[in-house]
Amino acid sequence: MNILDKIVFDKRKEVELRKALIPKSQLEASVLFNRPTHSLSKALRTSSSGIIAEHKRRSPSKAEINYNLNVQDVAVGYENAGVCGMSVLTDGKYFGGSLDDLLIARSSCQLPLLRKEFIIDEYQILEAKAYGADVILLIAAILTRDDIKSLSEFAKSLQLDVLLEVHNEEELHKSIMPSLDMLGVNNRDLKTFNVSLETSKLLSNLIPDEFVKVSESGISSIEAIKELQPFGYKGFLIGENFMKTDNPGKSATQFINNINS
Ligand SMILES: O=C(O)c1ccccc1NCC(=O)[C@H](O)[C@H](O)COP(=O)(O)O
């Protein structure tokens with residue numbers, strides 16, 4: 001079983017337990033559930049940097065990245081740096097994250113927040129809304145076209161933006177539909193962990209113009225951003241490069257200042 005299959009296998013069991021613990025009606029009745037959301041795709045269209053900065057303690061490809069930070073400091077630091085949005089990993093087992101991280105980020109900043117999760121069930125979208133997310137991620141590698149359609153339409157009905165992630169042409173072709181806002185190309189192969197910016201370049205002209213293009217993973221330099229911009233990318237999801245430092249907000253500030261100089 002590859003790592004992605006293993007994550008999804010574990011996630012199915014986790015979601016069933018979560019559903020038994022907190023009924024949907026309780027999520028729908030929560031304070032944050034009916035708040036207005038902030039659109040990440042709209043913010044990216046007009047942003048000069050397009051940085052979506054991630055909170056990520058560990059990952060299957062890197063093991064530990066940073067356990068010495070608190071989410072509030074990271075969120076405030078990213079907001080002060082002028083990032084366009086923040087991604088919060090909520091998977092516990094493989095990334096050391098939680099829904100509480102999302103809630104703390106929500107209470108700490110006004111940025112559009114992406115729930116970075118392996119979403120396979122509508123219940124997780126209700127959780128995303130109840131814990132303060134503005135955007136959900138759908139990963140084409142773990143979903144059928146029918147799943148992508150029903151989950152994205154459900155997210156849109158809750159005024160959430162949808163970022164659909166692909167890694168190859170086949171995933172892209174099966175996924176394109178009007179209920180998506182952003183198409184993300186993951187430069188990391190989630191089965192082998194190989195990273196190459198060429199993936200974003202190769203797939204860019206296959207993404208229709210109505211979707212905001214986001215390049216994800218393995219971005220660690222201004223040169224990478226400058227290389228990807230001519231291919232139409234407006235969003236750049238960066239995790240480890242900021243999170244491996246003592247002060248991710250400061251790293252993001254320096255990064256953004258260099259993009260704009
Ligand atoms: O990061 C991993 O090792 C990973 C492994 C398996 C599934 C997903 C994984 N990462 C999720 C992400 O997409 C990244 O956290 C995100 O794009 C930021 O990447 P990076 O800047 O390289 O930390």
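Where a number appears in this text, it was derived from the coordinates with a stated rule and is not lab data. Since we're looking at a predicted model, the values are computed, not measured. Please note: Cβ atoms are built from the backbone with ideal geometry, for glycine as well, and neighbour counts cover all protein chains shown.
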Violations at 31 Å Cα threshold for listed pairs 13/201; 24/62; 129/213; 6/42; 6/244 -> 13/201; 24/62; 6/42
Using the Kirkwood formula on alpha carbons, the hydrodynamic radius of segment 119-261 in angstrom works out to 16.0
Note to self, the chain gives a 222 nm [θ] from helices alone (DSSP H runs n ≥ 4, -39500 (n - 2.57) apiece, / all residues, nearest 500) of -12500 deg cm²/dmol
Using the Cα gyration tensor of segment 37-147, the equivalent ellipsoid's semi-axes, largest first and to the nearest Å, work out to 21, 18, 14
Eigenvalues of the alpha-carbon gyration tensor of segment 3-260, times 5 and square-rooted, give semi-axes in Å, largest first, of 25, 22, 18
Taking Lys and Arg as +1 and Asp and Glu as -1, residues besides residue 27 with C-beta under 14 Å from its C-beta add up to +2
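Tell me the net charge near residue 251. Cut-off is 15 Å between Cβ atoms, residue 251 excluded, with +1 for each Lys or Arg and -1 for each Asp or Glu.
Residues close to residue 251 contribute a combined charge of -2.
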Output for segment 1-81: chymotrypsin sites (Phe, Trp or Tyr not before Pro) sitting in coil per DSSP, at most 10 other Cβ within 10 Å, listed by number, reads 67
Listed residues 113, 138, 203; largest mean-square fluctuation, Gaussian network over the chain with Cα springs below 10 Å, found at 203
A correct fewest-to-most ranking of 94, 233 by other Cβ atoms within 10 Å would be 94, 233
